[in-house]
Every structure is written in structure tokens, then in C-alpha cells.
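The values are calculated or read from the model by the stated rules, or taken from the named source; none is laboratory data. As the structure is a computational prediction, the values presented were derived from the model and not from experiment. Cβ: placed from backbone, ideal geometry, glycine included. Neighbour counts: every protein chain shown. We work out accessible area using only protein heavy atoms, side chains counted, and drop any ligands, DNA or RNA first. Shrake-Rupley method; radii C 1.70, N 1.55, O 1.52, S 1.80 Å.
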Amino acid sequence: MRAERSVYICDECGEASVQWLGRCPACGSFGTMQKERREPRPAGARASGSAPVRMEAVEEERPRLLTGIGELDRVLGGGAVPGSLVLLGGEPGIGKSTLLLQAASCLAGRGSRVMLVSGEESAAQITSRARRTGALGPDLFLLCETDLSSLESAARELVPQVMVVDSIQTMRSQELDSPPGGVNQLRECVSRMQVLAKETDAVAFLVGHVTKEGVLAGPRLVEHMVDCVLYFEGERFDSLRVLRAAKNRFGSVSELGVFEMTDAGLREVEDPSRLFLDAREEPVAGTAVAVVMEGRRPLLVEVQALVAPSRLPAPKRVSTGMDGRRLAINVAVLERKAKVALAERDVYLGVCGGLQVSEPALDLAVCMAIASSRYDRILPPHAAFVGEVSLTGEVRPVSRIAERAKEAARLGFRSLVISDRARAHGLPGGIEMVGVSDLSQALETFGVSRPSARQSADR
Ligand code: TYD
Ligand code: MG
């Protein structure tokens, strides 16, 4: 018989070591290495488990559970799959509990038995919120509990079709000494929830708080263990909320759900494009509209730029809603390839409405907005810009031009500025394509390039 082996696992990052260390070699945290026992399997013992089956004999997947909240169902890939684990991550206060309470109530209203498990709020708090958002119903059960074994026995008794655990970080297994929320506890809780969901054939939604660094506490660890990871995002002081899938075993990860937080809970946003455009009467300098693809859905977003004289040796480049490095590249290309002088100026850039855009198709609108602010010239309000800007200053074609054009036309835009090499088929009527080969040409076409000698007084 071999002796029992111990492994030490960092509670912060999950790094494993065979000996105890005062400081985690991976993340540098002090005093976070916790002992985890692993019972060795007795020699000669047979592993229990399943036997191979004929694939032909495997039954078809059962129908999915539709929550009835269209935006959530779409991000889930067409409803939730029974027996699966869905993790909902997001910053505290963003609306995770509200979303799942509403989903739970809709599911209960559609005939599923739902068990809400809360380790964070009292029964009175949750019930009063549910009353306020009109979410109460007879098939909705509530358990205020942080002990994992109690949760398991309650679930085996009630046999719900849907479980909501709010949050997974507050759950605790008594068999482990480590505190709740740490890597050891999280792993234990998630893997037992996995077993429970499979056994009772329920969908389990787990709420996971995101730390300041933007990762789920117990980095990546939980993400690997669940079937579906959703993130709920938005600006804390803005009512708009965006739900997106970071991982989905049963659907696409590029879908996006848009909600608005109101006094009566979360409301689905039917026409998000309108929302991301800043409604204003008069056009102003420093703004440009782009059409970005979020999943299969085209969205119009407004980019706002402010270029201001800088007193700093290294001027600021600050962005919200897009990657800061991407902004720095766009600024460098504007300077070197389109001769827009930005070296002694701070550049601030924001995407309206709190959306985080990672598509390079945003580049052209970003460059146009910066040049517009730099020279204080207004871009035509009926034009939308779509294109990736390369390091050489070339405007490159992007995919799905026809869908983007259709969305822009729907919202009253009359021209779409794209690469002159873009192949566009099936374009809608009512919108004109303006082809540009490079950034300089785009800036000149819309009068936001370097002023000629005559105009140079305003430099
Ligand atoms: P909550 O769902 O508790 O966030 P999380 O679980 O992600 O921490 O939502 C908290 C915020 O939402 C809180 O600031 C109040 C706001 N809210 C509304 O504006 N309207 C509502 O109907 C509800 C229930 C919450
Ligand atoms: Mg909450």
C-alpha cells in the first residue's frame, strides 16, 4: 500500500505543488497554498465507471428548456440543456441575481420546478425583490443555505428541473477545511453540482462573482468545469447590460443579449442599435458611427473621440469600450500614414453605451472620429464607417457587408464607407457604398485631413 499523498494547491490561482510553499511560485501570493488530500486508489482495485456504448444506441438529446427570456435563450444557444451547468459571471451589482430570478420565475411559469439557492441574501430580501419584479409563482422554491450537503439533500428531495446557486463562491463543503470561495472549495462545489445536475437531470445556473481583474475568482478553473460560461457586463452607472457567452458546449459563443435595468427588473432590448447611437439633434465633431457584428447580429455603435493638447512627455491614449493597444495602433497609423499630428496631444476614445467591441472593423470609425476631433470638423451624420485599418494605412475589407449595410439603412443611414476592395453582394437599396483604398483617402473624402496651407490657421 502506498502512503496517502498530499498536494498543495494555491487558493488564488490553482497552482499545484508537492510540497508546502510560503509563496505561490505562479501568482506570487503569500500563504495561499492549501493542503489537498488525494486518496490513492488501492492497488488492483478496478476503476468504477461506465462501459463503452454503441453510439447508434445513444438517445437523441432531449428538448431544451426555454426560459422565455429571448435574449437569454439566444445566448444559451436556444435554451438551456437539461443536466448541464451554466456559469453566470459578472461584477457585483451588475444584475446577475436579478437576471436569474427573472429566468427562474419564467421557467417556473412555464411548468418547470425551480429551486433557488442563495448564500448571499435572506429569504425576505429575495422574496420582496421577486414581488417587486412580478416574479413569484407556485413552482418557485427558495433555499437560503451555504452548506453544499444540505443543498444536495434538498435537491434530491425536491427534484427540481432548474437550480440556481447564488453564488458558487459562498457555497461550502464541510469536508474541506479551506474557506469558501477558494480554489479548493470552488472545485469541490462545482464538481458536486455537476454530479447533482446529471443525477437529477436539472439545469444548474451558478452565479460567479468576477474579481477586479475581470476573471472569475478561482481563475479559469470553474470555466473549465462547466458546460456554458456567460458574462454579464455593463457600466455600473448606465442601465444597459450585455450578456455574452465565453464558452458554450451547446451553441455559438458569438451571440449577444442586450438588457436594460429598470425599476421593475431587467427588460429585454428589442432594438439595440438605436440604443448604442447617441441620440442627438445636431451632429458634433469627434464622433463617427460604425457597424460591428456581435455574433450574427449587426449593431450600430457610435465612437466618440476627444483630442486635446497634452502637457505630458508621453501623451495619453485612453480608451473605453475597445482595446487600448488597438487605439495606440490606430493613433500611430493616423500619424505616420495619414499625417494627422497627434504627438503632442492626448487622445481619449469611447464606444457609446458601454459595449466592449473587439472587432477590427471598428478601426475606420475610430480613426475618423479622432481626425474629426483633431481638426474640429463634423462628419456627415448619415454616414457609417466599416473597415479594418492596417499598419500600412490601407483600409481592408471586412465580412458581412450586406448585413451591415441593411442594418445601417434600417436606421436611416444613407452611406456606408468601406474598403474599395470589398466584395458586396445583395446590398439593400437606399444606401450608397463609398469605397476608399486607404486612410488618407477616407479622411480627404470627408474633409477631416490635414488642413491645406490656406486653412492652416486652425492648426
Ligand atoms: P443584483 O441582481 O443584485 O446584482 P448582482 O447579483 O450581480 O450582484 O442587482 C443589483 C443592482 O440592480 C442594484 O444596484 C439595484 C439594481 N436593480 C434595479 O435597478 N432594479 C431592479 O428591479 C432590481 C431587482 C435591481
Ligand atoms: Mg447577487
Please go through the stretch 333-352 and pick out each residue that is out of contact with any helix residue (DSSP H, G or I) (no Cβ under 8 Å at 6 or more places or on another chain) and more than 18 Å from Gly286 (Cα to Cα).
Arg336
Give the residue that is farthest from the chain's Cα centre (by Cα), with candidates limited to residues of the stretch 94-119 that are near ligand 1 (Cβ under 9 Å from one of its atoms) and small (Gly, Ala, Ser).
Ser97
Considering only residues that are within 24 Å of Ile94 (Cβ to Cβ) and assigned to a strand (DSSP E or B), which ones fall in the stretch 128-171?
Leu140, Leu142, Leu143, Cys144, Val162, Met163, Val164, Val165, Asp166
Taking the stretch 106-163 only, how many residues are closer than 17 Å to Cys189 by Cα, without any contact (Cβ under 8 Å) to a residue 24 or more places away in the chain and open to solvent by less than 60 Å² (accessible area, probe 1.4 Å)?
1
If you take the residues in the stretch 341-400 that are basic (Lys, Arg) and either under 28 Å from the mean Cα position of the chain (by Cα) or not in a helix (DSSP H, G or I) (or both), which one is nearest to Ala442 (Cα to Cα)?
Arg396
Cross-chain or 6+ apart pairs with Cβ under 7 Å, the stretch 60-84 first and without any contact (Cβ under 8 Å) to a residue 60 or more places away in the chain and closer than 21 Å to Arg267 by Cβ, then aliphatic (A, V, I, L, M) and in a loop (DSSP other than H, G, I, E, B):
Asp73/Leu66; Gly79/Leu66
Which of (1) out of contact with any Leu (no Cβ under 7 Å at 6 or more places or on another chain); (2) within 16 Å of ligand 1 (Cβ to nearest atom) does Ser310 not meet, given it meets every other one?
(2)
Those residues of the stretch 50-65 which are open to solvent by less than 100 Å² (accessible area, probe 1.4 Å) and farther than 15 Å from Asp201 by Cα, in sequence order:
Ala51, Ala57, Val58
Is one or more of the residues making up the stretch 85-93 more than 11 Å from ligand 1 (Cβ to nearest atom), assigned to a loop (DSSP other than H, G, I, E, B) and open to solvent by 10 Å² or more (accessible area, probe 1.4 Å)?
no
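Yes/no per residue for (1) at pLDDT 90 or above; (2) within 22 Å of Val242 (Cα to Cα):
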residue	(1), (2)
Ala45	no, no
Gly49	no, no
Pro52	no, no
Val75	yes, yes
Gly78	yes, yes
Gly90	no, yes
Gly95	yes, yes
Gln102	yes, yes
Condition check: surrounded by 16 or more Cβ atoms within 10 Å (Cβ to Cβ) and under 28 Å from Ala246 (Cβ atoms). Does Leu306 satisfy that?
no
Scanning the stretch 249-278 residue by residue, the ones that are open to solvent by less than 30 Å² (accessible area, probe 1.4 Å), more than 16 Å from ligand 2 (Cβ to nearest atom) and not charged (D, E, K, R) total 7
Since Ala80 meets every condition but one in (1) under 16 Å from Gly234 (Cβ atoms); (2) more than 7 Å from ligand 1 (Cβ to nearest atom); (3) surrounded by 24 or more Cβ atoms within 10 Å (Cβ to Cβ), which condition does it not meet?
(1)
Identify, by number, the condition in (1) closer than 18 Å to Val203 by Cα; (2) more than 12 Å from ligand 1 (Cβ to nearest atom); (3) among the hydroxyl-bearing types (Ser, Thr, Tyr) that Ser122 doesn't meet.
(1)
Just to be sure before I move on: is Pro179 in a loop (DSSP other than H, G, I, E, B) and open to solvent by less than 30 Å² (accessible area, probe 1.4 Å) in the structure I sent?
no
Please determine, by comparing only the residues of the stretch 343-358 that are at pLDDT 95 or above and over 25 Å from Arg274 (Cβ atoms), which one is surrounded by the most Cβ atoms within 10 Å (Cβ to Cβ).
Val347
Can you tell me which residue in the stretch 94-105 is surrounded by the most Cβ atoms within 10 Å (Cβ to Cβ), limited to those that are within 12 Å of ligand 2 (Cβ to nearest atom) and part of a helix (DSSP H, G or I)?
Leu99
Collect the residues in the stretch 364-403 that are farther than 16 Å from Val448 by Cα and among the basic types (Lys, Arg), keeping them in residue-number order.
Arg396, Arg400
On the basis of being of a type in the set (A, V, I, L, M, F, W, C) and either away from ligand 1 (no atom under 15 Å from the Cβ) or in contact with a Ser or Thr (Cβ under 7 Å, 6 or more places away or on another chain) (or both), does Ala135 make the cut?
yes
Which of (1) within 21 Å of the chain's Cα centre (by Cα); (2) among the polar types (S, T, N, Q); (3) open to solvent by less than 40 Å² (accessible area, probe 1.4 Å) does Thr320 not meet, given it meets every other one?
(3)
Among (1) without any contact (Cβ under 8 Å) to a residue 60 or more places away in the chain; (2) open to solvent by 60 Å² or more (accessible area, probe 1.4 Å); (3) outside any strand (DSSP E or B); (4) not β-branched (Val, Ile, Thr), the one test that Lys198 misses:
(1)
